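Participant: Would you mind keeping the following structure in view while I ask a few things?
Rule-based calculations on the coordinates, nothing more; no lab input. In this text, all values refer to a predicted model and were calculated from it rather than measured experimentally. A quick note on method: Cβ atoms are made from the backbone with ideal geometry, for glycine too, and the neighbour counts reach across all protein chains shown.
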């Protein structure tokens, strides 16, 4: 039992480190200060939206938080399912404030489920689409770890 508790604690610490980048800086405060984040908030709601923009974003934030909680419990498949659903929604709102987080955590879930090629795809997506967001720093780190684990002769696409 203590081994499981230690594993969950290690996962929680890893998630905290990934989100903070090993610094004592309030990442959410830094996230709010980014120009790309502010620009996304200032744009008008998507015409395809069925409900008010604020309510949609609040629901998305709650779903992201729920997925991260599942990741902390090592429930990667369940968290990945939630994140995939959110990623589909982002097709109509790619500049949502926490879009980079969704794609990063989806990549992380894929990585933990033994799907390195899919994880790389999601990390690269974060780097290309959300380069100024905190998730890009974390995606770059995870991509470096994945690339360091490659077997000799294995291409980056595998």
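Participant: Cβ-Cβ distance below 6 Å, separation of 6 or more or different chains: which pairs start in the range 51-77 with a residue that is in contact (Cβ under 8 Å) with a residue 60 or more places away in the chain and end on one that is surrounded by 13 or more Cβ atoms within 10 Å (Cβ to Cβ)?
Facilitator: From residues that are in contact (Cβ under 8 Å) with a residue 60 or more places away in the chain, the pairs are 71/79; 72/11; 72/12; 72/15; 74/11.
Participant: Using the structure shown, decide if residue 132 is touching a residue at least 24 places away in the same chain (Cβ under 8 Å), touching a helix residue (DSSP H, G or I) at 6+ places or on another chain (Cβ under 6 Å), within 27 Å of residue 57 (Cβ to Cβ) and assigned to a loop (DSSP other than H, G, I, E, B). Quick ask: steps written out before the conclusion?
Facilitator: On the way: touching a residue at least 24 places away in the same chain (Cβ under 8 Å): yes; touching a helix residue (DSSP H, G or I) at 6+ places or on another chain (Cβ under 6 Å): yes; within 27 Å of residue 57 (Cβ to Cβ): yes; assigned to a loop (DSSP other than H, G, I, E, B): yes.
Yes; evaluated as a whole, the condition is true for this residue.
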